[in-house]
1. In region 248-281, how many are touching a Pro at 6+ places or on another chain (Cβ under 7 Å), of a type in the set (Ser, Thr, Tyr) and assigned to a loop (DSSP other than H, G, I, E, B)?
2. Within region 216-223, is there a residue that is part of a helix (DSSP H, G or I) and at pLDDT 95 or above?
3. Of all residues in region 1-55 being more than 14 Å from residue 80 (Cβ to Cβ) and under 14 Å from the mean Cα position of the chain (by Cα), which is surrounded by the most Cβ atoms within 10 Å (Cβ to Cβ)?
4. Checking the structure you have, find out if any residue of region 69-83 is surrounded by fewer than 20 Cβ atoms within 10 Å (Cβ to Cβ) and more than 24 Å from residue 121 (Cβ to Cβ).
5. Pick out the one residue from 115, 128 that is aliphatic (A, V, I, L, M), touching a Pro at 6+ places or on another chain (Cβ under 8 Å) and buried (at least 16 other Cβ atoms within 10 Å of the Cβ).
6. Mind checking which pairs have a first residue in region 252-278 that is within 9 Å of the ligand (Cβ to nearest atom) and a second that is in a strand (DSSP E or B), Cβ under 6 Å, 6 or more apart or different chains?
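The values are calculated or read from the model by the stated rules, or taken from the named source; none is laboratory data. Since we're looking at a predicted model, the values are computed, not measured. Don't worry about glycine lacking a Cβ; one is built from the backbone with ideal geometry, like all the others, and counts go over all protein chains shown.
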Amino acid sequence: MPELPEVETVRRGLAPALVGRRITRARTKRADLRFPFPPRFAARLSGRRVDALQRRAKYLLAYLDDGAVWITHLGMTGRWSILGASQQPGDFYYAEPPDPTHTHVIVETEDGARLEFNDPRRFGYMDLIPEAELDAHPFFKGMGPEPLGNAFHEAYLKRALTGKKTSVKAALLDQRVVAGLGNIYVVEALHRAGIAPAKSAGRISAPRLEKLFHAIRAVLEEAIEAGGSTLSDYAAVDGAQGGFQHRFRVYGREGDPCATEGCGGTIKRAVHSGRSTFWCPRCQR
Ligand SMILES: [Zn+2]
């Protein structure tokens, strides 16, 4: 499932083809993905110019020139591809998705780019929301700050976790605390910070919280830099595979020696509420 760094990688790949471009034609090949498309979805996209392409948590937000925001969530297997773009050769050439029967949305732009949304499992979804209603919309209401944004800082993290009796892992996965931080990156950040996933969120000392804050930022930034992580179905828009999974220190490494220098521990795995947790019992306390 694409997590925040993967969605950010997709955003960066899509932006050159979409931002500042007018959509000449949009088509849907079915009435729904995970949810039904909004009324007249394709007609409302057609003729609009995309003024900006942003990301909020794991949502892609295309700001249209009529004040609507076109939302895409990639779900588990959603993928944008760009065909026939007129940019620099090689830069934005995207291979045909492996199975065209799962291409559900096609968007063409004024300069001849063709964007296709392919989603075999259809857990992805799209919507059109007036920009003014975005913050109050159920997708975004109550959502915490972006982990890479200015509103997320050490003092905020301290405030958000104070008095919390849940585990620090559960707290960091709570979208109200911080937006879009998924399982893999929480697990990785906790290992780097030397904090056990089961540790009570409200009982972490200030110096360790500071370490955690920096670990969260570092893990996400490195993953974006590496083009996201490739896990089963995820592929970046150019079909290239992300490289961050090779840098996982604990995720998927059950039984491996701990990567922390001088630790000598062994990575353990446990499953809590359907999600795998990986940690080193020796250096994570
Ligand atoms: Zn260790």
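1. 0
2. There is at least one residue in region 216-223 that is part of a helix (DSSP H, G or I) and at pLDDT 95 or above.
3. 5
4. So far as region 69-83 goes, no, none of its residues is surrounded by fewer than 20 Cβ atoms within 10 Å (Cβ to Cβ) and more than 24 Å from residue 121 (Cβ to Cβ).
5. 128
6. Final answer for the pair search is 267/278.
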